[in-house]
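**Q** Sharing a structure below in structure tokens format, with a few things to ask.
Readers should treat all values here as calculations from the given coordinates under stated rules, not as data from a laboratory. In this text the structure is predicted, and so the values were computed from the model without any measurement. Here the Cβ positions follow ideal geometry from the backbone for every residue, glycine too, while neighbour counts run over all protein chains shown.
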Amino acid sequence: MSDEICRYLDTAVLKPDMTRKEAMAAIAEAVKYRSKTVCVRPCDIDLARELSKGSDTEVSVVLSFPHGCGLSEVKAAEAKAYIDRGVSEIDMVANYGFIKSGEWDLVESDIRAVVEVCKPAAVALKVILESTELNLDEVKGATEAAIRAGADFVKTSTGFASGGASEEAVKVMLDTSAGKIKVKPSGGIRDYDRAKMFVDMGVHRLGIGVSSVKAICEGGVGESGDGY
């Protein structure tokens, strides 16, 4: 299972103070362990594409990260720029202030603005809810909004807030999804057992920090030094 679980991994290389040399080493680590994607800062898209060329690992990028407060038209323009650079997937942060306000039309339209750029390009869109900042009713409502907007995944966390993926939030997301959207827990997944637990729950992808990729793929315990 440990080799199979590597193909669930979106390995994050996102620390804002990471040097170019550190980013190269981290991306290479993600590729070495056959992560499904390496999820990078926008400034590292070209580097990640070069280092993953010819491998099983695709490139994903974060958008409006980590707070999600950008204008919808700016998020859409960002998405187009990243797609033009050749990314396969985008992880956008939802406006979780709108979520906490119960402004579901605004939540949905914000996501849809990016969906409308991603869909024609066949680029998968994951919507980060920042579930540790929400109650479970808000997690449910945000998942429903992402479904209505046409997103491909809902994702728990940026890995840079107060916590990561909880079993309770993931269960709500899975129950609400009813097969209409995929679910990606992220944050706090640092060992094989926790990763496997979420896979056994029925999730479709796992967001982990690069410091944990070796441990998860080899059945051990990783570090917590990269925000995840």
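**Q** Using a Gaussian network model of the chain with C-alpha springs under 10 Å, which one of Asp200, Asp44, Asp110 is most mobile by mean-square fluctuation?
**A** The residue with the greatest mean-square fluctuation here is Asp200.
**Q** Based on the Cβ-Cβ distance from His67 to Lys214, what FRET efficiency comes out when R0 is 41 Å, to the nearest 0.05?
**A** The calculated FRET efficiency here is 0.85.
**Q** Starting from the 7 Å offset along Cα-to-Cβ, what nm value, one decimal, do you get for the label separation of Leu136 and Asp3?
**A** 3.9
**Q** A further question on this structure: For the range 95-228, count all C-alpha to C-alpha pairs, find those more than 22 Å apart, and express that count as a whole percent of the total.
**A** Taking all Cα-Cα pairs of the range 95-228, the fraction more than 22 Å apart is 35 percent.
**Q** For the chain, just the Cα set please: Rg and Dmax, both in angstrom.
**A** According to the Cα coordinates of the chain, Rg and Dmax are 15.9, 45 Å.
**Q** Here's another thing I want to ask about it. Calculate the dipole size of the range 2-218 relative to its Cα centre from +1 charges on Lys and Arg beta carbons and -1 charges on Asp and Glu beta carbons; express the result in debye to the nearest 20.
**A** 480
**Q** Taking 0.36 nm per residue of separation and subtracting the Cα-Cα distance, what length does fully extending Arg85 through Ser55 add?
**A** Here the segment from Arg85 to Ser55 would lengthen by 9.0 nm.
**Q** For every helix of n ≥ 4 consecutive DSSP H residues, a contribution of -39,500 (n - 2.57) applies; sum these over the chain, divide by its total residues, and give [θ] at 222 nm rounded to the nearest 500 deg cm²/dmol.
**A** Using -39500 (n - 2.57) per qualifying helix, the result is -13500 deg cm²/dmol.
**Q** While we're here: At 7 Å along the Cα-to-beta-carbon direction for both Ser109 and Glu22, put a label point, then send me their distance in nm to one decimal.
**A** Spacing of the two 7 Å Cα→Cβ label points: 4.0 nm.
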